[in-house]
Amino acid sequence: MDLGLQRKVAMVAAASKGIGLACAQALAAEGCGISICARHEETLEEAAALIGEETRTYVVDVSDKDDLAWWVESTRNDLGEVDILVTNTGGPPAGSVWDMTDEQWQNGVDSTLMNVVRLVKSVQESMRQREWGRIVHITSYVAKEPSLLLPISSTLRAGIMALTKVQARELAPYGITVNGILPGNTMTDRQTHLAEIKAGKEGTSLDEALKAIAANHPMKRMATPQEIGAVVAFLCSQQAAFLSGQSICVDGSASGGL
């Protein structure tokens, strides 16, 4: 299927590895010019080699509003006006809700929520003028199935579901769609980190913890980042022009909520 994305400009946050990288690869395969950011130049260069020669890289801390403004402006100067925005970030720290400090909560707000607010605000005016745009927020299925291990993430991801609805309704008259993707267990560095915590609590090995997570999944496996990236690419397509305001679980039926 031709998704109609040739020569579109796509910004993908936190895309040096994992799901962000897979999203950038999927969009590049459809002919998009790609702008990616991450905190470390070395991992960005490695990612660019995997994505393609039309990739531009920028060292950015998504929790820093000045960094985000610079990234948007640099992308416009290097590639042109932004057609597609994929927001993404590393997860807030894991642990008991009683152990989370005020600083951890504030850092979570800045890196998980405010980057979404700031990035959309930065690109939406140009999208309105051109009457076309695609915005996808990568969050987590803990937005619908709150996790005792991830209190900050669960709280903020649920908030992003509401923000997605608000942004989608505001931008719908201009041909701009806004959707969220809520991945379930996916084989990424973040998943490995959470499995390490699980292994430590249960006195097992990391390998045993990962196998247990997969065994307890309805599909008896975890997702690959590429499976998430493929859904994101479709949401950015011409064919998905009437799909907006949705927060879609890509979790292999793991979540039990309606």
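The values are calculated or read from the model by the stated rules, or taken from the named source; none is laboratory data. None of the values given here were measured: they were computed from a predicted structure. Cβ: placed from backbone, ideal geometry, glycine included. Neighbour counts: every protein chain shown. Protein only, heavy atoms only, side chains kept; ligands, DNA and RNA dropped before computing areas. Shrake-Rupley method; radii C 1.70, N 1.55, O 1.52, S 1.80 Å.
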Examine the stretch 31-50 for a residue that is farther than 19 Å from Asp189 by Cα, out of contact with any Lys or Arg (no Cβ under 8 Å at 6 or more places or on another chain) and of a type in the set (Asp, Glu), and state whether such a residue exists.
no
Which numbered condition in (1) surrounded by fewer than 20 Cβ atoms within 10 Å (Cβ to Cβ); (2) of a type outside the set (A, V, I, L, M); (3) within 14 Å of Lys8 (Cβ to Cβ) is the only one that Cys32 fails?
(1)
From Val109, Val86, Val97, Val123, residue being in contact with a Cys (Cβ under 7 Å, 6 or more places away or on another chain) and among the β-branched types (Val, Ile, Thr):
Val86
Being over 13 Å from the mean Cα position of the chain (by Cα), hydrophobic (A, V, I, L, M, F, W, C) and in a helix (DSSP H, G or I) is the filter; apply it to the stretch 144-160 and report the residue that is farthest from Gly90 (Cα to Cα).
Ala158
Which listed residue, of Arg76, Arg157, is surrounded by 21 or more Cβ atoms within 10 Å (Cβ to Cβ) and within 27 Å of Ser237 (Cβ to Cβ):
Arg157
So which helices (runs of 4 or more DSSP H) stay within the stretch 178-258 end to end and still have 1 or more residues that are under 22 Å from Gly91 (Cα atoms) and modelled with pLDDT under 90?
189-202, 206-215
Do we find that Asp61 is surrounded by fewer than 20 Cβ atoms within 10 Å (Cβ to Cβ) and more than 23 Å from Ser140 (Cα to Cα) in this structure?
no
Selection within the stretch 32-84 - in contact with a strand residue (DSSP E or B) (Cβ under 9 Å, 6 or more places away or on another chain), in contact (Cβ under 8 Å) with a residue 40 or more places away in the chain and of a type in the set (Gly, Ala, Ser)
Gly33, Ser35, Gly80
Which of the residues spanning the stretch 191-228 are closer than 17 Å to Gly252 by Cβ and of a type in the set (D, E, K, R)?
Lys211, Lys220, Arg221, Glu227
Conditions (1) farther than 24 Å from Ala22 by Cα; (2) open to solvent by 10 Å² or more (accessible area, probe 1.4 Å); (3) of a type in the set (A, V, I, L, M, F, W, C); (4) modelled with pLDDT of 95 or more: number failed by Leu171:
(2)
Identify the residue in the stretch 68-83 that is of a type in the set (A, V, I, L, M) and in contact with a Lys or Arg (Cβ under 8 Å, 6 or more places away or on another chain) and, among all such residues, is nearest to Ala10 (Cα to Cα).
Val82
The condition from (1) surrounded by 23 or more Cβ atoms within 10 Å (Cβ to Cβ); (2) without any contact (Cβ under 8 Å) to a residue 12 or more places away in the chain; (3) of a type outside the set (A, V, I, L, M, F, W, C) that Gly20 misses is numbered (2)
The stretch 214-240 - residue that is of a type outside the set (S, T, N, Q), over 15 Å from Gln25 (Cα atoms) and open to solvent by 30 Å² or more (accessible area, probe 1.4 Å) and, of those, nearest to the chain's Cα centre (by Cα)
Arg221
If Ser255 satisfies all but one of (1) in contact with a Phe, Trp or Tyr (Cβ under 6 Å, 6 or more places away or on another chain); (2) open to solvent by 40 Å² or more (accessible area, probe 1.4 Å), what's the number of the condition it fails?
(2)
